[in-house]
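K.L.:
The structure is given below, and queries will be raised subsequently.
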Amino acid sequence: MANNLLEQRRAQMFPKLTSAQLARLERQGTRMQTRAGEILVELGDSPRGVFIVAAGSIEVLAPPTAAQAASGYELLYLLSPGDFTGEMGTLRGTPALVRVRVREAGAVLLIDAEQLRRIVQNDAELSELFMRAFILRRMGVIESGHSEVLLLGSDHSADTLRLREFLTRNARPYVNIDVEHDADAQALLERFHVQSEDVPVVICRGGELLKNPSNAVVAECLGINAPPADDRVHDLLIIGAGPAGLAAAVYAASEGLDVRIVDTFAPGGQAGTSSRIENYLGFPTGISGAALAGRALSQAQKFGAQLSVAWQAARLKCDHWPYSVDMADGPSIRSNAILIASGAQYRMPDVANLSRFLGRGVYYAATHLEATLCAAEDVVVVGGGNSAGQAAVFLAGSRRHVHMLVRSDGLAESMSQYLIRRIQDTPNITLHTRTQLTALEGSDRLERVSWMPRNGEPVAHDLRHVFLMTGAQPHTRWLQGCVVLDDHGFVKTGPDLGKEQLADAHWNLPRLPYLLESSVPGVFAAGDVRAGSVKRIASAVGEGSICVQFVHRVLREFAEAGNQPTIVAA
Ligand SMILES: Cc1cc2nc3c(=O)[nH]c(=O)nc-3n(C[C@H](O)[C@H](O)[C@H](O)COP(=O)(O)OP(=O)(O)OC[C@H]3O[C@@H](n4cnc5c(N)ncnc54)[C@H](O)[C@@H]3O)c2cc1C
C-alpha cells in the first residue's frame with residue numbers, strides 16, 4: 001500500500017541528527033557495538049529506549065498480519081548513521097509495534113527511556129525533533145496498514161463497531177476484516193476455528209484469540225496501558241481523559257506533580273469523536289478531535305503523566321485521606337488530590353428499540369468512521385446543539401441529504417451562529433423544527449425511521465442511519481454521594497456552594513472552597529461535569545489548567561497540616 005504520509009513527511013519523520021546534536025546525546029547515552037542480524041527491539045517487547053545509528057545500518061521491520069501469516073516481516077525503513085529509532089510507544093513504555101534489526105554491523109548509541117524523558121523535557125531543540133518524528137511515525141504505522149492485530153467483525157454488529165472505535169481512538173494499528181464482505185474472511189474463520197456467529201473476534205499479539213472481548217481485555221492483551229501504579233499515592237488522580245483531564249495532566253505533570261489519568265474508553269472524550277473542531281483557538285483551518293486528543297496525550301506523556309484506558313472509576317472514597325478511587329474490575333488508586341473530569345454523555349431519546357440499533361444504524365458520533373458506514377445514503381441528525389450542527393454540516397459534505405430534527409422552534413437558542421449560517425447555506429440539509437423522532441424499525445439493522453411534527457401524524461421514511469446529538473447527562477454516579485451535586489447531577493464547585501451545603505457536607509476548613517474545588521477539600525471538578533460549565537472544548541481545557549494552581553495550594557496546605565486527615569471532610 002502506498003504510504004502517502006511517509007512520502008509527504010519523510011524529512012520530519014526521519015530527521016538526520018546534526019553533529020552538534022549527536023555530541024549532546026553522546027554525553028547521555030551508552031555506546032554499543034552491533035552485529036549483523038542482531039535484534040535491538042523485538043515486536044511486542046517494552047522498548048529499551050532510542051537507538052541512534054553511529055555506524056552501519058538498522059532495519060525497521062513490520063510484522064506480517066495474522067491474515068498473511070505465511071509472509072515474512074516487511075522492511076518499512078532503513079536507518080543509516082545519524083538516524084534514530086522510536087515512536088510514541090517508546091516514550092509511553094508500551095510494547096513495540098515493529099522489530100528493529102541490525103543490517104550492517106557497526107555501532108549505536110542507546111538513550112534509555114529515563115534519559116529520553118529527560119531530554120524531551122529539557123532540551124527544546126531535540127524535544128521538538130523527537131516528538132514530531134515519534135508522532136508521525138505512529139501515524140505512519142497506522143496508515144501503512146501493518147499490524148499483527150486482526151479484527152474479524154461485521155458492519156452490522158454493535159460490538160464490532162465498539163472494538164473498531166476503541167482501537168482507532170487509542171491509535172492502535174489493526175487489520176479489519178468484514179466477514180460479510182471480505183474475500184479472505186471464510187478462510188480466516190476456518191483457520192482460526194471460529195464461526196461467523198462468534199464475531200467480533202480479535203487476534204491479538206502472539207496469535208491469542210479473543211471472542212467478543214471487552215475493551216479492558218483488549219487493552220491488556222495489547223499492552224496499551226502503562227504498568228499499574230503499585231500502591232503509590234499520587235499527587236493528582238484525574239478521572240476522565242477528555243479535554244479537561246488532558247489539560248490538567250499536561251500542566252500538572254509539567255509542573256512536577258506525580259499524575260495518573262484514567263479513562264473508561266480513550267483519550268479525547270466527547271471532543272475525540274468530533275470530525276472537525278473549528279472554534280478551538282489556534283487552529284484556523286480546524287482540527288479533528290482525534291488529532292487534538294493525540295497531540296494532547298503525547299504532550300501529557302512527554303511530561304510523565306501516566307494514562308490507563310478501559311479503566312472505569314466505580315467509586316470515590318472520600319472519607320479517608322489520601323483519597324482512593326476503586327476501578328470497576330480493577331485496582332484501587334490512591335491520591336492526595338482528585339480531579340473529577342468525567343464529562344457528560346448525550347441523552348437517549350425515549351424511542352423503543354433504540355439500544356437494539358446502536359451501532360447498527362444509530363450512532364452517537366459523526367466521525368469519518370460512521371460516515372463511511374453510511375456511504376452516500378441520506379441520514380437523520382437529531383438535536384439542535386453545536387454537535388448536531390457540526391454533524392449535519394459534516395455529513396452533508398458527502399452529497400447525501402441530511403434531515404435535522406429539532407423539537408424547538410429553531411436553532412437560535414442552542415447553536416452557534418456560524419453553524420446556523422452553514423446549515424442555512426447548505427441546500428442538502430433540511431431542518432425539521434418542532435419535530436421529534438418517534439420510531440425506529442428494522443430486523444438486523446435499522447431500516448426505517450419515523451418522525452412526527454408537533455400536532456401532526458408520524459411519517460415513516462426508508463432511512464438507515466440516525467445520528468443522536470441530544471443533550472448531555474453528567475458522569476457522576478461513581479462519586480457515590482461524596483460531593484454536592486446540583487439538581488441535574490453536575491458537580492457544584494467554589495462559589496456555587498452555599499454555606500448550608502458546605503455545613504451539610506461537613507466542610508471543616510477555615511477557608512471556603514477554591515474556584516473549581518468541590519465540597520470535599522482537594523477534590524476538584526473541571527469541564528462538562530461541573531455545574532454551570534460552558535460546554536466547550538476551550539473552557540474544559542481552561543478549567544483543567546486552572547485547577548492545577550489550586551491543587552498545588554491544597555497539597556501545600558495538607559503538607560503544612562502535617563498530612564493530617566483531620567483537615568478533610570468527615
Ligand atoms: C460530536 C461532538 C462535537 C463537539 N464539537 C465541539 C466543538 O467543535 N467545539 C467545542 O468547543 N465543543 C465541542 N463539543 C463539546 C466538547 O467536546 C465538550 O465540551 C468537551 O469535550 C468537554 O470536555 P470534558 O473533558 O469536560 O469532558 P468529556 O469530553 O466528556 O470527557 C470526559 C471523559 O471522561 C471519561 N469518563 C466518564 N466517566 C468515567 C469514569 N467513571 N471513569 C473513567 N473515565 C470516565 C469519558 O470516557 C470521557 O473520555 C463537541 C461535543 C461532541 C459530542
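The values are calculated or read from the model by the stated rules, or taken from the named source; none is laboratory data. Everything quoted here is computed from the prediction, not taken from an experiment. A quick note on method: Cβ atoms are made from the backbone with ideal geometry, for glycine too, and the neighbour counts reach across all protein chains shown.
K.L.:
Conditions: (1) within 9 Å of the ligand (Cβ to nearest atom); (2) farther than 26 Å from SER214 by Cα; (3) part of a strand (DSSP E or B); (4) among the aliphatic types (A, V, I, L, M). VAL262 meets all but one. Number of the miss?
P.N.:
Condition (2) is where VAL262 drops out.
K.L.:
Going residue by residue through the range 299-321, is there one that turns out to be within 12 Å of the ligand (Cβ to nearest atom), hydroxyl-bearing (Ser, Thr, Tyr) and more than 19 Å from LEU91 (Cα to Cα)? Outline the logic, then answer.
P.N.:
We begin by selecting, within the range 299-321, every residue within 12 Å of the ligand (Cβ to nearest atom); these are 307-316.
Keeping just the survivors that are hydroxyl-bearing (Ser, Thr, Tyr) gives 308.
With more than 19 Å from LEU91 (Cα to Cα) added as a condition, the list becomes none.
Within the range 299-321, none of the residues are within 12 Å of the ligand (Cβ to nearest atom), hydroxyl-bearing (Ser, Thr, Tyr) and more than 19 Å from LEU91 (Cα to Cα).
K.L.:
Exactly one of these conditions fails for VAL250: (1) within 12 Å of the ligand (Cβ to nearest atom); (2) out of contact with any Leu (no Cβ under 8 Å at 6 or more places or on another chain); (3) farther than 15 Å from HIS475 by Cβ. Give me its number.
P.N.:
(1)
So that you can scan it fast, the table gives a plain yes or no per residue for (1) among the hydroxyl-bearing types (Ser, Thr, Tyr); (2) at pLDDT below 95; (3) touching a Leu at 6+ places or on another chain (Cβ under 9 Å):
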residue	(1), (2), (3)
TRP311	no, no, no
LYS317	no, no, no
HIS320	no, yes, no
TYR323	yes, no, yes
ASP329	no, yes, no
ALA337	no, no, yes
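K.L.:
Test each condition in (1) surrounded by 17 or more Cβ atoms within 10 Å (Cβ to Cβ); (2) within 16 Å of the ligand (Cβ to nearest atom) for PRO513 and report the one that comes out false.
P.N.:
With respect to (1) surrounded by 17 or more Cβ atoms within 10 Å (Cβ to Cβ); (2) within 16 Å of the ligand (Cβ to nearest atom), PRO513 is out only on (2).
K.L.:
Kindly indicate the residue of the range 336-349 that is within 14 Å of the ligand (Cβ to nearest atom) and farther than 30 Å from VAL362 by Cβ and also surrounded by the most Cβ atoms within 10 Å (Cβ to Cβ) among those meeting that condition.
P.N.:
LEU339
K.L.:
Could you grab me the full set of residues in the range 517-541 that are within 12 Å of the ligand (Cβ to nearest atom) and without any contact (Cβ under 8 Å) to a residue 40 or more places away in the chain?
P.N.:
Answer for the range 517-541, where residues must be within 12 Å of the ligand (Cβ to nearest atom) and without any contact (Cβ under 8 Å) to a residue 40 or more places away in the chain: VAL534, SER539.
K.L.:
Another question, then. Could you list all residues from the range 273-287 that are near the ligand (Cβ under 7 Å from one of its atoms) and among the small types (Gly, Ala, Ser)?
P.N.:
Narrowing the range 273-287 to residues near the ligand (Cβ under 7 Å from one of its atoms): 273-274, 277-280.
Selection gives SER274 alone.
K.L.:
While we're on this one: Return the only residue of ALA376, ALA344 being of a type outside the set (D, E, K, R) and without any contact (Cβ under 8 Å) to a residue 40 or more places away in the chain. Break it down into steps so the answer makes sense when it comes.
P.N.:
Numbers: ALA344 fails: without any contact (Cβ under 8 Å) to a residue 40 or more places away in the chain.
Of ALA376, ALA344, the one residue that is of a type outside the set (D, E, K, R) and without any contact (Cβ under 8 Å) to a residue 40 or more places away in the chain is ALA376.
K.L.:
Against the condition within 16 Å of the ligand (Cβ to nearest atom), touching a residue at least 60 places away in the same chain (Cβ under 8 Å), in a helix (DSSP H, G or I) and closer than 30 Å to ASN336 by Cβ, how does ALA216 come out, does it pass? Break it down into steps so the answer makes sense when it comes.
P.N.:
Numbers: within 16 Å of the ligand (Cβ to nearest atom): yes; touching a residue at least 60 places away in the same chain (Cβ under 8 Å): yes; in a helix (DSSP H, G or I): yes; closer than 30 Å to ASN336 by Cβ: yes.
Judged against the criteria, ALA216 is a match.
K.L.:
Output the strands (runs of 3 or more DSSP E) that fall wholly within the range 451-570 and possess 1 or more residues being under 29 Å from the mean Cα position of the chain (by Cα), or say none.
P.N.:
Answer list for the range 451-570: 466-468, 472-474, 523-525.
K.L.:
Hey, can you tell me all the residues within the range 23-39 that are outside any loop (DSSP other than H, G, I, E, B), surrounded by fewer than 18 Cβ atoms within 10 Å (Cβ to Cβ) and touching a strand residue (DSSP E or B) at 6+ places or on another chain (Cβ under 9 Å)? Can you show your working first?
P.N.:
Going through the range 23-39, the residues outside any loop (DSSP other than H, G, I, E, B) turn out to be 23-26, 30-34, 39.
Cutting the leftovers down to surrounded by fewer than 18 Cβ atoms within 10 Å (Cβ to Cβ) gives us 23-24, 26, 30-33, 39.
GLU26, THR30, ARG31, MET32, GLN33, ILE39, listed by residue number.
K.L.:
Is one or more of the residues making up the range 56-79 farther than 29 Å from CYS221 by Cβ and among the aromatic types (Phe, Trp, Tyr)? So that I can check it myself, show each step before the final result.
P.N.:
Start the filter on the range 56-79 by keeping residues that are farther than 29 Å from CYS221 by Cβ, which leaves 56-57, 78-79.
Applying the additional criterion that residues be among the aromatic types (Phe, Trp, Tyr) yields none.
No, every residue in the range 56-79 fails to be farther than 29 Å from CYS221 by Cβ and among the aromatic types (Phe, Trp, Tyr).
K.L.:
Next up: Which members of the range 97-138 meet the condition of being of a type in the set (A, V, I, L, M, F, W, C), without any contact (Cβ under 8 Å) to a residue 60 or more places away in the chain and exposed (fewer than 15 other Cβ atoms within 10 Å of the Cβ)? Full working, then the answer.
P.N.:
So in the range 97-138, the residues of a type in the set (A, V, I, L, M, F, W, C) come out as 97-98, 100, 102, 105, 107-111, 113, 116, 119-120, 124, 126, 129-131, 133-136.
Then drop every residue that is not without any contact (Cβ under 8 Å) to a residue 60 or more places away in the chain, which leaves 98, 124.
The one that is of a type in the set (A, V, I, L, M, F, W, C), without any contact (Cβ under 8 Å) to a residue 60 or more places away in the chain and exposed (fewer than 15 other Cβ atoms within 10 Å of the Cβ): ALA124.
K.L.:
Could you count how many residues in the range 347-381 are outside any loop (DSSP other than H, G, I, E, B) and acidic (Asp, Glu)?
P.N.:
First pass over the range 347-381, keeping only residues outside any loop (DSSP other than H, G, I, E, B): 355-358, 362-363, 368-374, 379-381.
Retained after the next criterion (residues that are acidic (Asp, Glu)): 370.
Going through the range 347-381 one residue at a time, the tally reaches 1.
K.L.:
Hey, can you tell me all the residues within the range 188-241 that are surrounded by 16 or more Cβ atoms within 10 Å (Cβ to Cβ) and at positive phi?
P.N.:
ASN212, GLY223, GLY240
K.L.:
So GLY269 fits all but one of (1) within 11 Å of the ligand (Cβ to nearest atom); (2) closer than 23 Å to PHE558 by Cβ; what number is the exception?
P.N.:
(2)
K.L.:
Further question: Residue by residue through the range 472-506, note down the ones that are crowded, with 19+ Cβ neighbours inside 10 Å, closer than 16 Å to LYS317 by Cα and away from the ligand (no atom under 16 Å from the Cβ).
P.N.:
Within the range 472-506, VAL484, ALA505 meet the criteria.
K.L.:
Can you name the residue in the range 382-418 that is assigned to a helix (DSSP H, G or I) and over 13 Å from ILE429 (Cβ atoms) and, of all such residues, is farthest from the ligand (Cβ to nearest atom)? Before you say what the answer is, go through the steps one by one.
P.N.:
At the first step, the residues of the range 382-418 found to be assigned to a helix (DSSP H, G or I) are 386-396, 417-418.
Next, only the ones that are over 13 Å from ILE429 (Cβ atoms) stay: 386-387, 417-418.
On the way: ASN386: 6, SER387: 4, GLN417: 14, TYR418: 11 Å.
Per the criteria, the residue is GLN417.
K.L.:
Let me ask something else. Please verify whether the range 446-459 includes one or more residues that are exposed (fewer than 15 other Cβ atoms within 10 Å of the Cβ), within 16 Å of the ligand (Cβ to nearest atom) and either of a type in the set (Ser, Thr, Tyr) or at pLDDT 95 or above (or both).
P.N.:
no
K.L.:
Are there any pairs with C-beta distances below 6 angstrom linking a residue in the range 542-560 that is within 17 Å of LEU246 (Cβ to Cβ) and more than 16 Å from the ligand (Cβ to nearest atom) to a residue that is outside any helix (DSSP H, G or I) and of a type in the set (A, V, I, L, M), with the two at least 6 apart or on different chains, and if so which?
P.N.:
Listed pairs, sorted by first residue: VAL551/LEU236; VAL551/ALA337.
K.L.:
Would you kindly identify the helices (runs of 4 or more DSSP H) lying entirely within the range 40-148 that contain at least 1 residues that are of a type in the set (Ser, Thr, Tyr)? Break it down into steps so the answer makes sense when it comes.
P.N.:
Details: elements: 88-92, 113-122, 124-144.
Answer list for the range 40-148: 88-92, 124-144.
K.L.:
Only one of SER398, SER408 is touching a Gly at 6+ places or on another chain (Cβ under 7 Å) and either surrounded by fewer than 19 Cβ atoms within 10 Å (Cβ to Cβ) or at positive phi (or both); which? Full working, then the answer.
P.N.:
Details: SER398 fails: touching a Gly at 6+ places or on another chain (Cβ under 7 Å).
Sole residue among the options that is touching a Gly at 6+ places or on another chain (Cβ under 7 Å) and either surrounded by fewer than 19 Cβ atoms within 10 Å (Cβ to Cβ) or at positive phi (or both): SER408.
K.L.:
Please work out which residue is nearest to the ligand (Cβ to nearest atom), limiting yourself to the range 326-335 and to residues that are hydrophobic (A, V, I, L, M, F, W, C) and within 16 Å of GLN306 (Cα to Cα). Write out each step before concluding.
P.N.:
Initially, the range 326-335 is screened for residues hydrophobic (A, V, I, L, M, F, W, C), giving 327-328, 333.
After this cut, where a residue has to be within 16 Å of GLN306 (Cα to Cα) as well, the list is 327, 333.
Numbers: MET327: 8, ILE333: 11 Å.
Within the range 326-335, the match that is nearest to the ligand (Cβ to nearest atom) is MET327.
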